[in-house]
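Here's the structure, in structure tokens; my notes come after.
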Amino acid sequence: SKFALVGFSQALRSEFARYNIRVSVLCPPDTDTPGLAAEDATKPAETRAIAAQGKVMPPKKVAEALVDGILKNRFFILPGMDAKMLYAALRVSPSFVEFLFDRAAGKASKE
């Protein structure tokens with residue numbers, strides 16, 4: 001679903017540029033909210049292991065990054081260094097990132 005949202009947002013960005021309508025996509029890491037706490041209660045071990053690769057970010061930092069990204073007309077808004085590093089790694093070597101995530105999920109499923 002995230003992949004679909006990015007693609008949809010790219011299409012909207014292209015189609016509405018001539019009307020001076022800007023589109024941005026916020027790609028935050030796990031954010032310290034009640035929603036994350038509720039999600040963690042039922043999160044599978046594999047998902048928890050993959051999420052543990054990054055840090056949880058305070059909502060205020062995510063909101064600040066969002067406003068800053070919009071003001072700078074960024075399409076991808078990547079709050080925090082973890083999100084930026086993951087994005088860069090996915091661009092350079094998606095198969096390596098998949099390998100790391102698959103390995104973390106595999107270890108968690110055996111525990």
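The values are calculated or read from the model by the stated rules, or taken from the named source; none is laboratory data. What you see is a predicted model, and the numbers here were worked out from it, not measured in a lab. All Cβ positions, even for glycine, are placed from backbone atoms using ideal geometry, and neighbour counts span all protein chains on display. The protein model used for the area step is the full one, side chains on, heavy atoms only, and it has no ligands, DNA or RNA in it. Shrake-Rupley method; radii C 1.70, N 1.55, O 1.52, S 1.80 Å.
What accessible area, in Å² to the nearest ten, does a 1.4 Å probe give for F96?
Rounded to the nearest 10, the figure is 110 Å².
Given a cut-off of 22 Å, what percent of all Cα-Cα pairs of the chain lie beyond it?
That tail contains 43 percent of the Cα-Cα pairs.
Starting from the Cα-Cα distance between E111 and A52, subtract it from 0.36 nm times their residue separation and give me the gain in nm to one decimal.
Residue separation times 0.36 nm, minus the Cα-Cα distance, leaves 19.7 nm.
Roughly how many Å is it from the Cα centre of the range 67-83 to that of the range 1-43, as a whole number?
Centre-to-centre (Cα) distance: 12 Å.
Please compute the per residue accessible area over the chain with all protein chains in place, 1.4 Å probe, rounded to a whole number of Å².
Accessible area per residue: 74 Å².
I'd like the accessible area for K107: 1.4 Å probe, protein heavy atoms, all chains in place, Å² to the nearest 10.
Taking all protein chains as shown, K107 has close to 120 Å².
If a helix is a whole DSSP H run, which ones in the chain reach 20 Å or further along their own axis (Cα) and hold a mean Kyte-Doolittle hydropathy of at least 0.0?
2-16
Explain nothing, just the number: relative contact order of the range 1-66, from Cα pairs under 8 Å at least 6 residues apart, as a whole percent.
Averaging sequence separation for qualifying contacts and normalising by length gives 32 percent for the range 1-66.
Counting only protein heavy atoms and using a 1.4 Å probe, what share of the accessible area of the chain belongs to carbon plus sulfur, as a whole percent?
Whole-percent figure for carbon plus sulfur exposure: 62.
When we measure straight from the Cα of K60, which lysines land under 29 angstrom away, once same-chain ones fewer than 8 places off are left out?
K2, K43, K72, K84
If you rank S24, S109, S9 by how much accessible surface each has, with a 1.4 Å probe, what is the order from largest down?
Per-residue accessible area, sorted high to low, gives S109, S24, S9.
Quick one: dipole size for the chain, taken about the Cα centre, charges +1 on Lys/Arg Cβ and -1 on Asp/Glu Cβ, in debye to the nearest 20.
The dipole of the chain has a size of about 360 debye.
In nm, to one decimal, how far is the A88 label point from the N20 one, both placed 7 Å along Cα→Cβ?
If labels sit at A88 and N20, their model points lie 3.5 nm apart.
Among S14, I77, A49, flag the residue with its Cα farthest along the positive direction of the charge dipole of the chain, charges on Cβ as +1 for Lys/Arg and -1 for Asp/Glu.
Among S14, I77, A49, the one farthest towards the positive end of the dipole of the chain is S14.
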